[in-house]
Every structure is written in C-alpha cells, then in structure tokens.
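S.K.: To start, I am sharing the structure in question, which I have written as structure tokens.
Each reported figure results from applying straightforward, stated rules to the coordinates on display, with no laboratory input. Predicted model, so just to flag it, every value in this text is computed and none were measured. Heads up, the Cβs are rebuilt from the backbone with ideal geometry, glycines too, and the neighbour counts pull from every protein chain shown.
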Amino acid sequence: MAETATVPTYRRTGGIGRLLERYPFLPALVIVAALLLLNGFFSPNSLTLRALTGLLSTYMALILLAIAQTYVVYAGDIDLSAGAILSLVNVAIVVLMERWGGGAGAVFLALAIGLLLGLACGLVNGLVVAALRLQAIVATFATSIFFTGFALYVLPVAGTPAPALFWRTYGGRLFGVPFVFYILAALVILVAVMSRTRLVTQLLAVGDDQQAAYQTGLPVITTRIKGYVLCGLFSALAAFCITGDTASGDPLVGGKMTLYSVAAVVLGGSALSGGWGTVVGSLLGALTIGLINSVVFFMGTPSEWQNFVQGLAILLVLMAGVLAGRRARS
Amino acid sequence: MSRVVSFVRQPIVVALVLIVLLLYLGEALSPGFATGGQILRLLIVASLLGIVAAGQNVVILGGREGIDLSVGGVVSLSAIIAGNVMNGADGGILPAVAACLAAGAFFGLLNGLGVTLLRIPPLVMTLGMLGVLQGLLVVIRMGIPSGQAAPALSRFVTQPLAYGIPGIIWLWIVIGILLALMLNRTVFGHRIYAIGSNEHAAYMAGVPVKLVRIALFMTSGMFAATAGLCLLGYSGTSFANVGEQYMLPSIIAVVFGGTSLAGGKGGYTGTMAGAVLLVILQSILTTINIEESGRQMVFGATLLLLMMFYGRGRAMRA
C-alpha cells in the first residue's frame, strides 16, 4: 500500500472518485441510510426515537470496540483480544461496584479501575506484538486466552448484577434526551479531536510503510504500542456500554464480538493492511451490522434462516466495503 | 558449531524437543501420562487438528496475507453432512465422503474466487464466509437431526487399524507424506512457494497465479471437510459448532511448525509437530487439577512463551 495514503494524487478522477477520496466513509453512510429506510419500510415503528435509542444502546459497545480495533488496524496490526478485554473489564467493574456498595463513588472508582485495566491489557498486547515482534494474529489470540482466563478468575459464572444506579443512567434520559445520545455526541467529539493528533498520523504512517516510517525517524515500536494501548482503552469504554446494556457481568460476553469488530472496520472502508482508514467508517460499519440484524428480523425472515441471511448480507457488504475503499484509494 | 546451532534452531527440532520435554513434564505431574495408549489418544486428537492445519498451511504458504478463518465452519458443516448421509450405516460412508469433500471444495472455491477475482483480502473473505457457514449450520440443524457416525468410521478413528495404530493416524501420516512430496517435488508445489514469496515474479514467470490460489483455498476446504468427517467418527454424533475450536489453533499449529504467516517459507512436516505440541500442551493442562480460569491463563501465557522460539519478525534497520 506504499503508493496510497500520504501521497496526494493529482490525477483527475471522476466526481465519485473525488468524493470517495474526501469522504472515504461515504459508502458506509449510504449503506446505513439504505438499511434505515429498509427498516422503516418493513416496520415503521423501527424508526421511532424509542426504537433508535434501543438500537444505539445495544450496539454502542460494538461501535466502541470497532473504533478500538481501528486504531491498531491503522498501523497495520490487528487485535484479536479486544473482545476478551471487553469481557475482563465488564466482570471487573461489576464485581468492584458490587463489593464497594454500588454508590456513585463506587461506580466512578470502578470505572477508573476499568480504564486502567484496559490500558494494561493494551500495553501487554503492544509489548508482545511490537517490542517482542510476535505475529499479531497469533500473539493477540494467545493474550485473548489469557485475558479470558483472568475474567473467569474474577467472575467464574455470568450473573452478578450491576448496580441499578449504573444501568438506569445508561438506559435513562438526561434533560429529556436518552443518555446514549450524549455518549454518541461525546464519542464523535472525542474521535474528531483524536483524528487531529500526532499519534493518529504516526499510526497511519507506520501502517502505510513501516520501513519508511522508521527511516524518517518515527518511533515505530512506541507508536504501535500506543495503538494497542488506545485499543485497550476503547475496549474498556465498550465494556462500560455493554455493562449498561446487559446490567450484569459475563466473563465470556465479548468473545463473539472480536470478529464483528474486525468486520465493522472493513465495512467502514479501512484497509486491513494499514495506513488508510477512518474511525467514522468503523462507527458506521458497526451500525451496519446492527441494522442488518434488525432488517432481517423485521423482514419476517423465518427464525432458522435469520443467521444465514445476516451472514450473507454481512459478507456482501464486506466485499462492497473493500471494493469501495480500493476505489477511493486509487 | 554454527551448523549445530542452525540445526537446533530449526522450528521442527524446537517443536520435537519441546514435545519430549512436555511428555516428561506430563509424566512427572500425573504418572501414566506418557504411556503408549495415552500417547496414541493424544495423536488421534492431534491428527484432527493437524488435518485442518494442512489446509491452513498451504493457504498461508501461498502468501498475500493468506489465511482461512472459514475452516471452523467447514469442519462443523462437514460433520453434520456426514452424520446425515451415512446415518449410522457403513454403506453410507463413501457417499458421505463424496458429499463432504464436495461441500469443502465448494466453499473453498467461493473463498478463492472472492480473493482472486474481487481481490478481497483472505482474512475478510473467509471471515465473511465463516458467518455464512454458521448461519447455514443453524438452518440445517433446525431442519434435520444431527445424524450418527457409521460404526466403521468410528472404528477407523478410535480403534487400531494396523500395527496397533488407529486408521486416522495412518491417514494423517499419508497426508503428511503426500503433502511433503507435493510441496517439494511437484510443479504445483513449487508454484505455491513461487506465488507465496513473490507473486509478481511468479506471474511474470508464467505461473497461473489466480488458478493456483483458488486451488489452495479449495484444498483447505477439502482438508477441513476431511477433519469434520473424522471428527464425527471420533465423537459419534455432531454437535453445534464443533469446528470452531479448530479455527485459530490451526493457525497456531502452522506457526509452531515454522511456517511464516508472510507466506513462501515453511512446510507441512513442522506443522504436524506443531499440532502435536499444541495438543500435548492442552492435555497436560487438563490433567493438572486447577480451576478453568487458571488453566486458560497458563495456556495463554505458555503459547506466548513458545512463540518466542518461532519466527519473530526482524528488528527495524535503517
């Protein structure tokens, strides 16, 4: 991908090509809009504020996990332990909140420790992949087994409830607006600020051409480690959302979400080979997965066929995401 | 001296030394661990993983970030197809083998077409295919019972066939020899290494790159299907998502065998040792009397430790 990201292309492209180059997440946006329309067509009720709030609070965790994954993918790495980090932070904060009585102070302290835990897990991943130079796919699979074991140690079986204060806030309203919309707004601002930081530029440079980045004097190893740390932090934020949504702890809750987070990143048009992508695309990619699931449900698909239709639809939009991303880069 | 060092540092030698050490450790922790019958049982389990890893191995050798995440889905699908086609009757084995191999080849073909014609990265293509296969499994499972293994198939997998060794281990040895011959002695094998180490050069030299890559994914699908069939013989009936446990371990077995995930370097003999190593490690952990949480933490940490011996990337140089 050496010729792609940082080098501006002055070749005259068609209108669509230029648009894609400026807004690479456009195809994902179109897909999300189309899926929303389909949803409304099959079930008008699914476009009410109430239904959209429900959708958002269910998929906010996946959105955050997809964003977490994006930062490592920027640098050409991958994190197969993101879901395991989510599980670990989920059980850790639930157990701590319960042990400390479930008051506001307990909740904030537990969340702070959850963030630290996510940071530590990300640091471990970064060290084994970037500093010890193990291959990212297998090394983060190994750490995911370790993190899952740790989660099982903290809470052997699913079920400890989160304090009411926590999930009531997450599922409730603030000044009449559902709380998840504040999360979404804060997230968008956070991500917009992040995208202007030197770190993100460095991650993209490393992913674009590691050797060139090194020769330009970039601290390649430190940058990749920071990418994994960011991934750990956002995985912890994802854990907060899943705790708010399910209101309980489950040591295996994130296992299935890892591959979905990778899929969401690809749906958003980012290149898995690194050096090119957008966080907004990943956010839309995660929403796409959620909306596909709900369209398939509202279409009245027989229950035994739902997984198959979802799988097929996701495969097709994955392909579309790759093709559109390539079009934008060429 | 340097010759000795380079011999000892070969991944397959590392794996074999580790296997012997782990067998000693297992015997020390729980006497009877390394007896003949126990080792045969370990080898049966290892052969299932090893057969899946054979397909994973050739796909990875073919380069361009080759990887097949759909193997887990194909293993499960094949087990349920086989169970229904034979349904406990020996006469149904041949049709079942044909049906499973056809299914494996079909999904491999789809993967290969997506990767070559549409140039979808293998990780993405096979990840999507995994989702489709898992959905398909739900459909099949709702419609029909899970089926049963034919007695002859179960005997083949679990009972001694010749010289006291079960048929599946013989099958694995034959696959190992055939793959080694194919990779080292045939035009096709050389083409795999060629496209894995430098696709453009291979193309310029007249290698039909796309056809070879499609063939690799079909091979992977058929090996996964074979493993699914044998898995049915091993467990007697098929369970939901039995194959999932093979997805990432098959990649680890390949890495432990010294094949580079970058492609073009490695072989299957090492992967066989890697599969045995992985299975012995898991088996030792189940014999130790600790909580599941501790077992998983030790397993994850040991995997990381073992990876330190294998194919670490090169340090950056200016």
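S.K.: How would the stretch A:224-330 be classified by its alpha-carbon gyration tensor: rounded, prolate or oblate, with rounded meaning a/c under 1.5 and the a/b versus b/c comparison settling the rest?
M.R.: oblate
S.K.: For chain B, what relative contact order do you get, as a whole percent, if you take Cα pairs closer than 8 Å and at least 6 residues apart?
M.R.: Relative CO of chain B lands at 34 percent.
S.K.: Please report, for the Cα atoms of the stretch A:24-152, the Rg to one decimal and the Dmax as a whole number; what are they, in angstrom?
M.R.: So, for the stretch A:24-152, Rg and Dmax equal 18.5, 53 Å respectively.
S.K.: Other chains near A:127-137: what is the mean number of their Cβ atoms within 10 Å of each residue's Cβ?
M.R.: Neighbouring Cβ atoms belonging to other protein chains average 4 per residue here.
S.K.: Taking every residue in B:117-129, how many Cβ atoms of other protein chains lie within 10 Å of its Cβ, on average?
M.R.: Counting Cβ atoms of other protein chains within 10 Å of each residue's Cβ and averaging gives 5.
S.K.: Label points 7 Å out from Cα along the Cβ direction at B:MET204 and B:GLU244: separation in nm?
M.R.: 4.7
S.K.: If every alpha-carbon in the stretch A:117-174 counts as one equal scatterer, what log10 I(q)/I(0) does Debye give at q = 0.23, 0.25, 0.28 1/Å?
M.R.: -0.89, -0.96, -1.08
S.K.: Over chain A, calculate the relative contact order: mean separation of alpha carbon pairs under 8 Å at least 6 apart, over the residue count, as a percent.
M.R.: Relative contact order for chain A comes out at 36 percent.
S.K.: Continuing with the same structure: Stick to Cα atoms and the Kirkwood definition of Rh, then tell me Rg/Rh for the protein assembly as shown.
M.R.: 0.96
S.K.: Related question: Quick check for you: which residues of the stretch A:247-269 have the amide N under 14 Å from the point 7 Å beyond the Cα of A:ARG327 toward its beta carbon?
M.R.: A:269, by backbone N distance to the label point.
S.K.: Counting only residues 5 or more places away or on other chains, whose amide H sits under 5 Å from the amide H of B:GLN148 once H atoms are built in the peptide plane?
M.R.: Amide H to amide H, under 5 Å and 5 or more residues apart or across chains, B:GLN148 pairs with B:ASN87, B:GLY88.
S.K.: I would also like to ask the following. Could you order peptides A:239-245, A:271-277 by the average number of other Cβ atoms within 10 Å of their residues, highest first?
M.R.: Per-residue mean Cβ counts within 10 Å order the peptides as A:239-245, A:271-277.
S.K.: Work out, in µm²/s and without decimals, the Stokes-Einstein translational diffusion coefficient of the stretch B:123-188 at 4 °C, 1.567 mPa s, Rh from Kirkwood over C-alpha pairs.
M.R.: 83
S.K.: By a straight-distance test (C-alpha under 22 Å), which lysines pair with A:LYS226 as possible cross-link partners, with residues fewer than eight away in the same chain excluded?
M.R.: Candidates past the 8-residue exclusion: nothing left.
S.K.: In nanometres, what is the gap between the two model label sites at B:TRP170 and A:GLN215, each 7 Å from Cα along Cα-to-Cβ?
M.R.: 5.8
S.K.: Could you order peptides B:261-271, A:23-33, B:53-63 by the average number of other Cβ atoms within 10 Å of their residues, highest first?
M.R.: Ranked by mean Cβ neighbours within 10 Å, highest first: B:53-63, B:261-271, A:23-33.
S.K.: Moving to a separate point now. How much space per residue, in cubic angstrom, does the convex hull of the C-alpha atoms of the stretch A:15-329 take up?
M.R.: Hull volume over Cα atoms, normalised by residue count, gives 138 Å³.
S.K.: Here's another thing I want to ask about it. Other chains' Cβ within 10 Å of A:317-325 residues: what's the mean?
M.R.: 3
S.K.: Rg and Dmax of the stretch B:42-307 over Cα atoms: what are they, in angstrom?
M.R.: 18.1, 58
S.K.: List the aspartates and glutamates whose Cα lies under 17 Å from the Cα of B:LYS210, skipping any in the same chain that are fewer than 8 positions away.
M.R.: Cross-link targets: B:GLU65, B:ASP68, B:GLU199.
S.K.: Show me the ranking of peptides A:142-152, A:63-73 by mean Cβ neighbours inside 10 Å, starting with the highest.
M.R.: A:63-73, A:142-152
S.K.: Mind checking which helices in chain B clear 20 Å along their axis (Cα) and have mean Kyte-Doolittle hydropathy of -1.0 or more, DSSP H runs only?
M.R.: B:11-29, B:36-61, B:71-86, B:93-116, B:122-143, B:167-185, B:209-235, B:268-287, B:292-307
S.K.: Would you list the membrane-span-like helices of chain A, meaning whole DSSP H runs whose alpha-carbon atoms span at least 20 Å along their axis and whose mean Kyte-Doolittle value is at least 0.0?
M.R.: Helices meeting the criterion: A:26-42, A:49-74, A:82-99, A:104-126, A:136-154, A:179-194, A:220-246, A:279-298, A:303-329.
S.K.: For the stretch B:32-113, how big is Rg over Rh, using alpha carbon atoms and the Kirkwood form of Rh?
M.R.: 1.07
S.K.: When only Cα pairs under 8 Å and 6 or more residues apart are kept, what is the percent relative contact order across the stretch A:34-161?
M.R.: This gives 30 percent for the stretch A:34-161.
S.K.: In terms of the Cα gyration tensor, with a ≥ b ≥ c the square roots of its eigenvalues, is the stretch B:143-281 rounded because a/c is under 1.5, prolate because a/b exceeds b/c, or oblate?
M.R.: Verdict is prolate for the stretch B:143-281.
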